[in-house]
Number of protein chains: 2
Amino acid sequence: MRIVVIFLCKDSLIQRQSEKKAVTLHIIYDNNTVMNMLNFTVGPVMSADAVREIGAEQVPYFRTSEFSATMKENEQLMKEFAKADDDARVVFITGSGTASMEASVMNLLTADDKVLVVNGGSFGQRFVDLCELYAIPHTVIKMETGQQITAEMLEQYDNQGYTAFLVNVHETSTGVHYDIDLISKFCRRNNLFLLVDAISSFLADEFDMKQLGADVMITGSQKALACPPGISVIVLSPRAIERIERNDVRCMYLNLKDALRNGERGQTPYTPAVGILLQIHCRLKEIERNGGVAAEIERTRNLAMDFRQKIAHLPLEPITQSPSNAVTSLHPLNNSAFSIFEMLKDEYGIWICPNGGDMRDTVFRVGHIGALTPADNSTLVAAFDELHKIGKL
Amino acid sequence: MRIVVIFLCKDSLIQRQSEKKAVTLHIIYDNNTVMNMLNFTVGPVMSADAVREIGAEQVPYFRTSEFSATMKENEQLMKEFAKADDDARVVFITGSGTASMEASVMNLLTADDKVLVVNGGSFGQRFVDLCELYAIPHTVIKMETGQQITAEMLEQYDNQGYTAFLVNVHETSTGVHYDIDLISKFCRRNNLFLLVDAISSFLADEFDMKQLGADVMITGSQKALACPPGISVIVLSPRAIERIERNDVRCMYLNLKDALRNGERGQTPYTPAVGILLQIHCRLKEIERNGGVAAEIERTRNLAMDFRQKIAHLPLEPITQSPSNAVTSLHPLNNSAFSIFEMLKDEYGIWICPNGGDMRDTVFRVGHIGALTPADNSTLVAAFDELHKIGKL
């Protein structure tokens, strides 16, 4: 295997990092340039060696009983880790998280619904846009950046004829993790269909689909599943499956009825990203071996706590009081957030996650999902310390 | 890297094949089983070592100028190899070829069109289904299995007010390669918008988009691009871009207007299969270094000719007189096609491509795309010879 490490700066910090990571963190940009980066973005994240080894294999032909068996096991493990009903089903879509958000809105909601949508950032806005696109009657619960949802906010919608509730349990753009127990209680007492985007939260924050009465949970391969991007996953409760069967949608590729029918034999209607599905299988089995979903969430929580403690002395202000374990969103007090992202990238070989739009200069995010360790946190914090010392943080 | 080769049979043929291919052809089904397979399916196909090495790398963060530059180069090389207009554009969809077929029908055709659709197999039928789904007025030109289109068939549609023509230039399910020059002339004299699914034909058969006056060409990462499945590609003529800009579609994920706007800066609206896009880049650059699209087509044609010569003595009947270079579709005279597929898979470690539906027992296909050589053809033909000798072919 060809490994060329290019040092973008002579900084001693990078030298240390490169020595430690030389094998697992080399990244090819094109055929000639390989860069060694430490990745704290919220996707794609860093993958374990075993997952990357599968990426080096030939991709097998997939209309076989062998591949079907792997897919059935993927479905079973996803159900187990989401704590879904025994009769739940799982659909694997070759596409981004947005493909699964759209498939869910399109296949599960109709013009006869009356939907509440929590909108606290770009991904909440995406659900609002999808409701508008598909003419789903809806009311928006507009949140301030990083704001937690409260009982008072929800109470005004009690007994108002709502039929469904849409929420990004972790609004990835701001880092806020909404109080899903509160939302669950509200939905139960109003008998609402509960559709949850847990794209960046699954395996990072606790989520018990059956206990919460959630009907849909969406995630993506490049988040805490720590595989390359290309697959999104939808876990469907029996009530969700009924809705799909009743509904006729005008889309071939995102038709969930078709996906469910093919899934019965461990297949997909069209050629899926076979390689990524095998990587997901490897990762799910690894989580199972290491103690299951509880142990994985605990590992992520510890990593997040470790990072938040290590930056307590720095001029970085958390933008939410109720963060997900998946990410810490920070407002730097003394410099542009985007400049800090660029300096870390170009001078330190570290990616943090920039924000777009209005928050480009005021907020960056540090992810805690993927193959990261407390030592990686220390590397990033040491870089922050250096920037702070020279007045750039 | 962990390499375990499992011999599914003790056949001397397999021993030889395994010795030759032990490094490049090991395939992981799960964490414990690795199988060494020679892959003649029409996707996923076998990838070159350089492409697979990228699969072993960490996937980089992609909202960067570095990734944008790679994507711009992908667009440029795709245009060059498709011989598209300088003002053409290329969209990369994270999804199967069907996602791009649907995006094309949805974004480029409207209820004001009157469309001719060639239907000679499963993929022709898919275009018909899409026209029905989106209420696009259309007339079906129904073809017999493997039948070539003729001037007489087309003449009856001259001057009948048609506005667009839809064809799978290579109908992958039967192997027929339609006479695209004939279709092009018909479209030019009737001023038809020409939309071509070249999913399994691009880089295998000649295709000069500008000369043919084709407006859309679709392909997929797992065909002759010889990368893992997960990305499909749409090349759009200036006339196609105009149609997209004029049209409003009710789909977020497959919205080509949005894809074109993001593509201007080398980005995609949603997280793409970044790893596969880097692999496509590697492959396109490799083709460029090896003499460009003409040399790649020539290599594939030679491989197909070599195979067709080597099986001339066997009871295998070609089902079309005008085959694509990408695949040879064969009707075995003495045994079920599906049984032959299964024997080759389970006893010889070789995948050929089974057919579904009505053709399950009568037709199998042998692909000539991907990292295959004349020696691989000989391995397959030796297996056919053995089966023939024992009365199973």
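Remarks
- Every residue from region A:192-207 that is touching a helix residue (DSSP H, G or I) at 6+ places or on another chain (Cβ under 7 Å), crowded, with 24+ Cβ neighbours inside 10 Å and outside any strand (DSSP E or B): A:199, A:203, A:204, A:207
- Looking across A:363, A:327, one residue alone is outside the structural domain of residue A:220 (by the TED database), of a type in the set (Val, Ile, Thr), in contact with a Lys or Arg (Cβ under 9 Å, 6 or more places away or on another chain) and under 27 Å from residue B:262 (Cβ atoms). It is A:327.
- Residue identified as more than 13 Å from residue A:197 (Cβ to Cβ), under 16 Å from the mean Cα position of the chain (by Cα) and in the same structural domain as residue A:194 (by the TED database) among A:172, A:94, A:145: A:94
- Taking region B:53-86 as the range and being of a type outside the set (Phe, Trp, Tyr), under 23 Å from residue A:48 (Cβ atoms) and touching a residue at least 12 places away in the same chain (Cβ under 8 Å) as the test, the residues that pass are B:54, B:55, B:57, B:59, B:60.
- Any helices (runs of 4 or more DSSP H) falling wholly within region A:208-306 and containing at least 1 residues that are within 10 Å of chain B (Cβ to nearest Cβ): A:274-289
- Set A:249, A:274, A:233: member being closer than 18 Å to residue B:97 by Cα, out of contact with any Cys (no Cβ under 8 Å at 6 or more places or on another chain) and not hydroxyl-bearing (Ser, Thr, Tyr): A:274
- Pair list, Cβ under 7 Å, 6 or more apart: region B:366-393 residue closer than 14 Å to residue B:352 by Cβ, other residue surrounded by 19 or more Cβ atoms within 10 Å (Cβ to Cβ) and at pLDDT below 95: B:379/B:17
- Checked against the criterion of being away from chain B (no Cβ under 14 Å), among the β-branched types (Val, Ile, Thr), in contact with a His (Cβ under 8 Å, 6 or more places away or on another chain) and closer than 25 Å to residue A:175 by Cβ, region A:102-121 has at least one qualifying residue.
- Reported count of residues in region A:86-101, each being part of a strand (DSSP E or B) and either farther than 25 Å from residue A:297 by Cβ or touching a Phe, Trp or Tyr at 6+ places or on another chain (Cβ under 7 Å) (or both), is 1.
- The residue list A:254, A:284, A:316, A:212 contains one member that is more than 16 Å from the chain's Cα centre (by Cα), modelled with pLDDT of 95 or more and within 28 Å of residue A:65 (Cα to Cα), which is A:254.
This table checks each residue for (1) surrounded by fewer than 18 Cβ atoms within 10 Å (Cβ to Cβ); (2) under 23 Å from the mean Cα position of the chain (by Cα); (3) in a loop (DSSP other than H, G, I, E, B); (4) modelled with pLDDT of 95 or more.
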position	(1), (2), (3), (4)
B:30	yes, no, yes, no
B:54	no, yes, no, yes
B:75	no, yes, no, yes
B:79	no, yes, no, yes
B:84	no, yes, yes, yes
B:103	no, yes, no, yes
B:111	yes, no, yes, yes
B:116	no, yes, no, yes
B:124	no, yes, no, yes
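- All told, residue A:132 falls short of being assigned by the TED database to the domain that holds residue A:176, under 19 Å from the mean Cα position of the chain (by Cα) and modelled with pLDDT of 95 or more.
- In region A:135-146, the qualifying residues are those that are assigned to a loop (DSSP other than H, G, I, E, B) and surrounded by fewer than 19 Cβ atoms within 10 Å (Cβ to Cβ), and the one that is farthest from the other protein chains (Cβ to nearest Cβ) is A:144.
- Condition check for residue B:114: basic (Lys, Arg), farther than 24 Å from residue B:229 by Cα, touching a Ser or Thr at 6+ places or on another chain (Cβ under 7 Å) and in the same structural domain as residue B:175 (by the TED database): yes
- Residue in region A:354-361 that is surrounded by fewer than 21 Cβ atoms within 10 Å (Cβ to Cβ) and modelled with pLDDT of 95 or more present: yes
The values are calculated or read from the model by the stated rules, or taken from the named source; none is laboratory data. All figures in this text were calculated on a predicted structure; none of them were measured in a lab. All Cβ positions, even for glycine, are placed from backbone atoms using ideal geometry, and neighbour counts span all protein chains on display.
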